[in-house]
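**Student:** Please see the structure below; I have some questions.
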């Protein structure tokens, strides 16, 4: 079972995504901000990250850069999601993919599976 860490400060979004991913067979953990995401990542050891671009304590790209700088997660697939056009910033920070909000839940599942199977 693949592990996914969702990093987003919108509780409703997190609850929906968590349910969706668990229904599809993923083991899911969550973090509300970049600061707690790093410690949660080390505890949970996810196989992939889903990071919102706008977090309570800064941009999700800051977290992506921190993850890429950490030897444990330097190769772990990261998807950044946003309701604004931030694809260039997300990819430049080290994300593997960008998902514009709102997105079809099936697109998220397909993207995660592609990234996880492509490693």
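**Student:** Which of the residues belonging to region 36-63 are out of contact with any helix residue (DSSP H, G or I) (no Cβ under 9 Å at 6 or more places or on another chain) and in a helix (DSSP H, G or I)?
**Tutor:** Residues satisfying the conditions are 36, 39, 40, 42, 43, 44.
**Student:** Still on this structure: For region 12-26, how many residues are in contact (Cβ under 8 Å) with a residue 12 or more places away in the chain, more than 16 Å from residue 111 (Cβ to Cβ) and touching a strand residue (DSSP E or B) at 6+ places or on another chain (Cβ under 6 Å)?
**Tutor:** Within region 12-26, residues that are in contact (Cβ under 8 Å) with a residue 12 or more places away in the chain, more than 16 Å from residue 111 (Cβ to Cβ) and touching a strand residue (DSSP E or B) at 6+ places or on another chain (Cβ under 6 Å) number 2.
**Student:** Condition test on residue 116, is it surrounded by 14 or more Cβ atoms within 10 Å (Cβ to Cβ), in contact (Cβ under 8 Å) with a residue 12 or more places away in the chain, in contact with a strand residue (DSSP E or B) (Cβ under 7 Å, 6 or more places away or on another chain) and over 25 Å from residue 12 (Cβ atoms)?
**Tutor:** On the way: surrounded by 14 or more Cβ atoms within 10 Å (Cβ to Cβ): yes; in contact (Cβ under 8 Å) with a residue 12 or more places away in the chain: yes; in contact with a strand residue (DSSP E or B) (Cβ under 7 Å, 6 or more places away or on another chain): yes; over 25 Å from residue 12 (Cβ atoms): yes.
Against the criterion (surrounded by 14 or more Cβ atoms within 10 Å (Cβ to Cβ), in contact (Cβ under 8 Å) with a residue 12 or more places away in the chain, in contact with a strand residue (DSSP E or B) (Cβ under 7 Å, 6 or more places away or on another chain) and over 25 Å from residue 12 (Cβ atoms)), residue 116 qualifies.
**Student:** Cβ-Cβ below 8 Å, separation at least six or inter-chain, first residue in region 80-95 and without any contact (Cβ under 8 Å) to a residue 60 or more places away in the chain and at positive phi, second surrounded by 17 or more Cβ atoms within 10 Å (Cβ to Cβ) and not in a loop (DSSP other than H, G, I, E, B): which pairs?
**Tutor:** Close Cβ pairs satisfying both conditions: 94/64; 94/67; 94/78.
**Student:** Quick one: in region 64-74, which of the residues that are part of a loop (DSSP other than H, G, I, E, B) and touching a helix residue (DSSP H, G or I) at 6+ places or on another chain (Cβ under 9 Å) is nearest to residue 24 (Cα to Cα)? Give the derivation first.
**Tutor:** Initial filter on region 64-74 (part of a loop (DSSP other than H, G, I, E, B)): 69-74.
When the remaining residues are screened for being touching a helix residue (DSSP H, G or I) at 6+ places or on another chain (Cβ under 9 Å), the result is 70, 72-74.
Details: 70: 29, 72: 26, 73: 23, 74: 26 Å.
Out of the qualifying residues, it is 73.
**Student:** Restricting to region 79-119, count the residues that are part of a helix (DSSP H, G or I) and closer than 19 Å to residue 3 by Cβ. Spell out how you get there, then give the answer.
**Tutor:** Of all residues in region 79-119, those part of a helix (DSSP H, G or I) come to 87-93, 105-117.
Still in the list and also closer than 19 Å to residue 3 by Cβ: 105, 108-117.
Total meeting the criteria: 11.
**Student:** Only one of these conditions is not met by residue 29: (1) without any contact (Cβ under 8 Å) to a residue 40 or more places away in the chain; (2) closer than 21 Å to residue 107 by Cβ; (3) outside any helix (DSSP H, G or I). Which number is it?
**Tutor:** Residue 29 satisfies all of (1) without any contact (Cβ under 8 Å) to a residue 40 or more places away in the chain; (2) closer than 21 Å to residue 107 by Cβ; (3) outside any helix (DSSP H, G or I) except (2).
**Student:** Taking residue 43 as the residue in question, decide whether it is surrounded by 20 or more Cβ atoms within 10 Å (Cβ to Cβ) and within 19 Å of residue 14 (Cβ to Cβ). Break it down into steps so the answer makes sense when it comes.
**Tutor:** Details: surrounded by 20 or more Cβ atoms within 10 Å (Cβ to Cβ): no; within 19 Å of residue 14 (Cβ to Cβ): yes.
When the stated conditions are applied, residue 43 does not pass them.
Each reported figure results from applying straightforward, stated rules to the coordinates on display, with no laboratory input. Being a predicted model, the structure only gives us computed values, none of them experimental. Here Cβ is always computed from backbone atoms with ideal geometry, including for glycine, and neighbour counts include all displayed protein chains.
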